[in-house]
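One structure below.
Rule-based calculations on the coordinates, nothing more; no lab input. Note that the coordinates shown come from a computational prediction; the quantities given were computed from them, not determined experimentally. Cβ atoms come from the backbone with ideal geometry, glycine included; neighbour counts cover every protein chain shown.
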Amino acid sequence: MNTKYIKRISGTLLIMILVGGCSKFLKEEPRSIFTPEYFKTEKGVQGGLTEMYAHLRNIYGQAYYYNTCETGTDEMTYGQSADQNFKVMDLSGQGDITSSTSRADVIWGTCFTNINTANGVIEYGQDAGVDAGLLAEANFFRAFDYFLLTQTFGGVPLDLGAGDLKFNTNPIAASVRNTVPEVYTKCIFPDLKYAVDNLPDNPRLTGAATKALAQLYLSKAYLTYAWWLKNPNNIPTFPETTRTDPDGHDAAWYFQQAYNISVTAIENPGPYALQPTFYDVNVASNDRNKEIMLYADHTETSQQYNGGSLSYGSGGAPDNFAGWMMTWNYPAMTSSSSATSWTPVNAVQRASVQPLGRPWVRMAPTINVFTNTFADKTNDSRYDGTFTTVYRCNMDESGLSANYDKLYNANGLPIYQNSAVLTFLPEDPGQAIDYSNSVYNSGIGAGVLPGRADFVISPSGISRVVYPGLWKLGPYRTDNGSGLGNPNAGSTRPYNITKFSELFFIAAEAAVEGAATKAVSGTYANDGSARGLINIIRARAGKWQWSNSGNVAKVEDNSAEMVAATPSVITIDYILAERSREYFGEGYRWYDLIRTQQWAKLASSYEICGSGYGDHTPVKTVRNIQPYLYLRPIPQGQLDAMQVSDELKDQYQNPGYVN
């Protein structure tokens, strides 16, 4: 493996210490270098492991990598302010994905650096006399990173310069890629099996790895590899190899293993559980809840332990700034300070609260998301629990209330603190919306309906510049006081990586692909079929305790209606639609579509209005999703640093990409 990344091992070492209070968690302290001798000490093992948790912040919440997981799928396209980092990923004629433009480079360097640290802990940590469960965390993270890399790039190197899965201290200038089956069978599966066998049921620290977490990743790795073996749409792989398993198993065997392991984890969840409602999963005041199995952590109490400024966002890792990308420039909307003439004033100003945050307008949801994916907005709480669809006046926090007791909005009607200023309607209304802005000028081309004080935009009027925000990833601070807080700072919320709910989807997907099913016992008892498993998730989605759009408590149980509406025959397309409703905008989507080889089928076209305020004419855009694009290109930085011939560099690169 090339030294450009590997020699980063001598950068920062993070030492784990325990802190008192109601729970224990990870703290970080800089150190100079990792060495074999250091890993032979308990302190070295602890320090290496802390780095492994910290490295998650360089991936999850990193907006340019987040973009590669969402832009170009059926969930998102590029927004009005997008640069080429985002436009090329859309595959709609705005540029090409190349070794230089693909931002999957984020994970290449980060993962291999961490893999080498894990190699050191695994290879030398046994001499430290620590518990096997501690070392198993290193096995988990090595498998975690290799799984991420292999899904993204195909086969990747197991030898970083000192031998397969060995800790490397000497910079090298060449690299050889292993095949996909080699990476799975030599590293990912054995490491995750070891983790399952040795990790504790309950985390040793808040947020640390557990047996159930390892089971989730093992079942998902089996599921992904089963699809790779099946290869239903003849998607190419690299390095080239036959679609055969070195251990002699076929795709059906791996689908069955995925089912068995995920169901076992559902029946024996340890400390994990589904939250009572979908809102509870994602509301920021309930972060780190029992449904979240792994997250990249942040804090608002310490800049050092947050990993970034608490007052200003850098726009780079380890800040959590992914939530900015699908936040449009809502402060541009105007109300009036006068009842007799339109005197513009900004009634909604940027604030460090979950419905708002910092606008970047780099990514936008497609119209199809609102008309197809979230078609049921009445029974299913996930639409309301995913998007900010109502923007409310925050005149108290912004200080406007010092000068005005009310403002005036659509139809010249008065609005007050928390009044709706703009509403994205759940459906296109039966009457025409007046988008002229000739009398009541929203400043953003929003429309007016008779008798309503709020401006409105229909689903068919959503554009690249004005669209519902992603409430899920919005910021949250308890130190805002009575003001707007620090909306320009990176989010101090943890970035959720893995949820207990995904076990139900893994088992259901395996069942659709022919895995033999059984009745599931315990808290989440069901018949074990794909429909039975999915209905556990859908029933929860029908339960409400709060309405984001109404900003009021809403206790309602539509679970019976949700279950009744589930098709009798579950297909992969339906599983993918449910996954989008459950995990929209969280960075799952590209991996879901390439795993099942449905990317071109589901995302080859989309509709959205243009990039100008007031553009409410939907345009169909066609994407050119070629089979070679199911793998991202090896980053140019890796190729440039390899001191080998151009011919060998070309052989190293994934086919279809030009170095």
Taking a crude spin-label model, label points 7 Å out from Cα along the C-beta direction, the SER401 to GLU647 distance in nm is 7.5
For segment 69-129 the mean separation of alpha carbon contacts under 8 Å (6+ apart) over residue count, i.e. relative contact order in percent, is 19
All alpha-carbon distances of segment 121-250, grouped into 5 Å bins from 0, give the whole-percent distribution 2, 10, 19, 21, 18, 14, 10, 5, 1, 0
At 4 °C and 1.567 mPa s, the Stokes-Einstein diffusion coefficient in µm²/s for segment 37-171, with hydrodynamic radius from the Kirkwood sum on alpha carbon pairs, is 79
Here D for segment 294-441, in µm²/s, from Stokes-Einstein with a Kirkwood Rh over Cα pairs at 10 °C and 1.306 mPa s, works out to 89
Per-residue Cβ contact counts at 10 Å, fewest first, order PHE189, PHE374, PHE140 as PHE189, PHE374, PHE140
Taking alpha-carbon centroids only, segment 492-550 lies from segment 554-601 a number of Å equal to 10
Taking the chain and counting helices only, DSSP H stretches of n ≥ 4 at -39,500 (n - 2.57) each over all residues, the nearest-500 ellipticity at 222 nm comes to -9000 deg cm²/dmol
From the Cα centre of segment 233-306 to that of segment 34-49, the distance in Å is 28
Length-normalised contact order of the chain, Cα under 8 Å, at least 6 apart, in percent, tallies to 18
So GLU240 and GLU42, fully extended at 0.36 nm per residue minus their Cα-Cα distance, gain in nm 67.1 nm
Projected onto their principal axes, the Cα atoms of segment 552-603 stretch, largest extent first, over whole-Å spans of 39, 30, 14
Listed by chain and number, the residues whose amide H is under 5 Å from that of ILE497, excluding neighbours fewer than 5 places away on the same chain and using placed H, are LEU294, TYR295, ALA296
Here the relative contact order (percent) of segment 188-310, from C-alpha pairs under 8 Å and at least 6 apart, is 23
From the Cα centre of segment 170-210 to that of segment 332-386, the distance in Å is 42
Excluding residues fewer than 8 positions from LYS499 in its own chain, the lysines with Cα under 18 Å of it are LYS211, LYS220, LYS290, LYS472
One checks the Cα atoms of segment 228-354 and finds Rg and Dmax, in Å, of 24.4, 80
So the FRET efficiency between ALA553 and ILE33, C-beta based with R0 = 41 Å and rounded to 0.05, is 0.15
Straight-line reach check, LYS43, cutoff 23 Å on alpha carbons, 8 or more apart in-chain or any other chain, hits among lysines -> LYS7, LYS24, LYS27, LYS166
Computed about the Cα centre, the charge dipole of the chain from +1 Lys/Arg and -1 Asp/Glu charges at the Cβ has a magnitude in debye, to the nearest 20, of 500
